[in-house]
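Report on the following structure.
The values are calculated or read from the model by the stated rules, or taken from the named source; none is laboratory data. Since the structure is predicted, the reported quantities are computational estimates derived from the model, not experimental observations. Cβ coordinates were reconstructed from backbone atoms using ideal geometry, including for glycine residues, and neighbour counts include every protein chain displayed.
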Amino acid sequence: MAPDLRLAPWSDDDLELELRANTPEMKVYLGGEEPFDAIVARHARFLELPVTGAGQMFRIALPDAPGVGSVGYWEREWHGRQVYEMGWHVLSEYQGRGLASAAVRLAADHAALNGRHRYAHAYPKVVNGPSNGVCRKAGFTLLGEVDFEYPKGTPIRCNDWRRDLSQAADQ
């Protein structure tokens with residue numbers, strides 16, 4: 001695990017982190033840069049997750065950098081069942097250090113301890129090598145390719161990675 005990495009619960013101040021991640025490089029696999037209003041709306045949903053019990057978003061922090069990315073989980077229906085979906089990003093200047101996979105493992109452990117669902121899924125595009133690598137390193141199992149929609153209304157081809165949260169703390 002990355003030394004001294006910690007997760008901090010998402011707060012009002014973390015909107016800035018989402019704005020910093022809204023670059024062509026960071027959004028290449030996610031449909032491109034987003035309008036300001038869409039980022040503000042997602043930030044508000046992130047703040048509501050723990051209030052409703054539907055999940056939790058975190059800021060990824062290092063001792064010398066209080067905001068290097070985000071990671072979290074939220075409820076969704078998948079194949080007729082309620083599961084958690086996980087998502088993350090690490091700012092470009094901090095990539096390649098294993099921070100994302102370490103943060104995903106910590107967030108999965110949190111979901112296992114505090115959540116309501118046995119499984120967490122992640123759906124990176126098939127062509128997104130780095131995010132597929134994060135899934136592999138974070139203890140997810142590849143179930144296969146699936147059709148997905150992201151952003152809403154845009155069909156994409158993704159890998160369906162699943163992590164059994166009943167074993168999360170053991171991974």
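For segment 145-154, the set of residues classified as surrounded by fewer than 13 Cβ atoms within 10 Å (Cβ to Cβ) and either hydroxyl-bearing (S, T, Y) or in contact with an Asp or Glu (Cβ under 6 Å, 6 or more places away or on another chain) (or both) consists of T154 only.
Of everything in segment 40-77 that is polar (S, T, N, Q) and modelled with pLDDT of 95 or more, the residue that is nearest to R116 (Cα to Cα) is Q56. Evaluated against (1) surrounded by 17 or more Cβ atoms within 10 Å (Cβ to Cβ); (2) acidic (D, E); (3) farther than 28 Å from A112 by Cα, D14 falls short on exactly one condition, (3).
Note on segment 6-29: among residues that are modelled with pLDDT of 95 or more and assigned to a loop (DSSP other than H, G, I, E, B), the one that is farthest from W88 (Cα to Cα) is S11. When segment 48-59 is filtered for residues that are surrounded by 16 or more Cβ atoms within 10 Å (Cβ to Cβ) and not charged (D, E, K, R), the ones remaining, listed by number, are L49, A54, G55, Q56, M57, F58.
Restricting segment 44-88 to residues that are over 15 Å from the mean Cα position of the chain (by Cα) and charged (D, E, K, R) leaves a set whose member that is nearest to S131 (Cα to Cα) is E77. So which pairs qualify, if the first residue must be in segment 43-54 and touching a residue at least 12 places away in the same chain (Cβ under 8 Å), the second must be part of a helix (DSSP H, G or I) and crowded, with 16+ Cβ neighbours inside 10 Å, the Cβ gap must be under 8 Å, and the two must be at least 6 apart or on different chains? Partner pairs satisfying both residue conditions: H43/D14; H43/L15; H43/E18; F46/D14.
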